[in-house]
Amino acid sequence: MKTDIILSGVGGQGILTIAFVLDNAALSRGLHFKQAEVHGMSQRGGAVYSYLRIADRPIFSDLVPEGQGDMILSVEPLEVQRYLNYLSTGGVVISNTAPHKNIPDYPDEGKVLSSLMELPRCVLVDAAAIAAAGRQPKAQNMAMVGAATPFLPFDLADYEPFIRRLFGSKGEALVQGNLAVLRLGWNVGRTVQRLLEQGLPTRRVNSFLLRVTPETVDPERASEVAGALQGPGTEAFLAEALGKVTLDEALARCR
């Protein structure tokens, strides 16, 4: 088993915290890992990236070869584009939807997200909405970890000791808030995973789930979602310029 991950985002988005949680989860499972230096943190708002390699056997290099990455985990959508040449044919992209416009000529954000929806395996994560639903608005990086976990050799329980190490001194409420955000992120990632496994296109899956309130997303209802996405009302629902609705309301509108 091996999992090669490219972590990306911009300074201040919690890339070091993501790396800490994943690194320690690997150690707790007796796995080997190597992490390349995190670049860009000295400039808040500047591009940040790191390589993280996890395997059940010794790893001799901390660099991910081009075309062999299993995952790009990005807290900023445009940053994904820098590293697509590292992604393997069967690799998955886990990307936040919210742009961090740190350059004057930042492209149209709709086009940025649309390009990601063309990828065969991509999970688009409204990390801000997930963190808000977990009542921990600063925990957007934990929403990203949760969404990525169905594609990683970990369970959510693997992270709890390290969430406690990071936030325990600040109170149990903060620990529980981060754990709640992890779970909500996992629900989104697992639901997308199940729908893609059923052959639904990335664009339709993500367009639908981004319209659903995170607290109502339920992986156990993925088959129900798959059926509804074939319904006569789906195109009209996805084209509506409305805010998020509950999963039940979204399913009703698509059928």
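The values are calculated or read from the model by the stated rules, or taken from the named source; none is laboratory data. Please read these numbers as outputs of a predicted model, since none were measured by experiment. Positions of Cβ are generated from backbone atoms using ideal geometry, with glycine treated the same way; all protein chains shown enter the neighbour counts. SASA here: full protein model, heavy atoms, side chains in, ligands and nucleic acids out. Shrake-Rupley method; radii C 1.70, N 1.55, O 1.52, S 1.80 Å.
Values for this structure:
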item: Subset of region 237-255 (residues that are among the aliphatic types (A, V, I, L, M), open to solvent by less than 60 Å² (accessible area, probe 1.4 Å) and at pLDDT below 95); result: Leu238
item: Some residue of region 28-41 being over 21 Å from Phe162 (Cβ atoms), touching a residue at least 40 places away in the same chain (Cβ under 8 Å) and touching an Asp or Glu at 6+ places or on another chain (Cβ under 8 Å); result: no
item: Any hit, region 54-68, residues being within 14 Å of the chain's Cα centre (by Cα) and surrounded by 14 or more Cβ atoms within 10 Å (Cβ to Cβ); result: no
item: Residue ranges of helices (runs of 4 or more DSSP H) in region 78-188 with at least 3 members open to solvent by less than 30 Å² (accessible area, probe 1.4 Å) and touching a Pro at 6+ places or on another chain (Cβ under 8 Å); result: 127-133
item: Selection count, region 189-215, where residues are among the small types (Gly, Ala, Ser) and in a helix (DSSP H, G or I); result: 2
item: Any hit, region 212-227, residues being in contact with a Pro (Cβ under 7 Å, 6 or more places away or on another chain), closer than 20 Å to Leu113 by Cα and open to solvent by less than 20 Å² (accessible area, probe 1.4 Å); result: no
item: Hey, Gln230 in a loop (DSSP other than H, G, I, E, B), among the polar types (S, T, N, Q) and open to solvent by 20 Å² or more (accessible area, probe 1.4 Å) or not; result: yes
item: Candidate set from region 10-49 (those that are modelled with pLDDT of 90 or more and open to solvent by less than 10 Å² (accessible area, probe 1.4 Å)); member that is nearest to the chain's Cα centre (by Cα); result: Ile18
